[in-house]
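Engineer: Quick one: the structure is below, questions incoming.
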Amino acid sequence: MSTEEAQAQKQLQQQKISREISALAEKNGCTLAQLVIAWCLKNDPVQCMLVGPTTIQELTSYLQALQVNKTKAWLFYCHTHINSYHVIITS
């Protein structure tokens with residue numbers, strides 16, 4: 001497999017994971033950004049999180065991540081899909 005094919009395969013895998021995480025966010029009634037922020041806040045190994053809201057509305061939305069329901073099953077699912085694959089999510 002060439003380097004280009006490997007990169008394309010990795011990109012497809014990350015897109016699939018991103019879709020799964022987006023579906024989980026929708027199922028939990030939050031945005032993708034809120035879900036990822038909530039995961040970062042609850043995941044002890046995460047020591048620093050950078051967010052870059054460009055509007056007051058985005059900042060308000062990000063702060064609503066504090067209210068996302070964080071069950072153990074949800075955290076395990078997020079940990080498996082976000083941490084294991086080092087997915088970078090931008091919104």
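Engineer: Give all pairs with beta carbons closer than 7 Å in which a residue from segment 1-23 that is closer than 19 Å to residue 37 by Cα meets a residue that is part of a helix (DSSP H, G or I) and not basic (Lys, Arg); count only pairs at least 6 apart in sequence or on separate chains.
Structural biologist: 17/81; 20/81; 21/32; 21/35; 21/81; 21/82; 22/32
Engineer: May I pose another question? For segment 21-40, give me each residue that is part of a helix (DSSP H, G or I) and surrounded by fewer than 14 Cβ atoms within 10 Å (Cβ to Cβ).
Structural biologist: 23, 26, 27
Engineer: So which residues in segment 42-66 are outside any loop (DSSP other than H, G, I, E, B), modelled with pLDDT of 80 or more and either among the hydrophobic types (A, V, I, L, M, F, W, C) or surrounded by 10 or more Cβ atoms within 10 Å (Cβ to Cβ) (or both), if there are any at all?
Structural biologist: 56, 58, 59, 60, 61, 62, 63, 64, 65, 66
The values are calculated or read from the model by the stated rules, or taken from the named source; none is laboratory data. Bear in mind that the values here come from a model prediction, so they are computed numbers and not experimental data. Note that we place each Cβ from the backbone using ideal geometry, even for glycine, and neighbour counts take in every protein chain shown.
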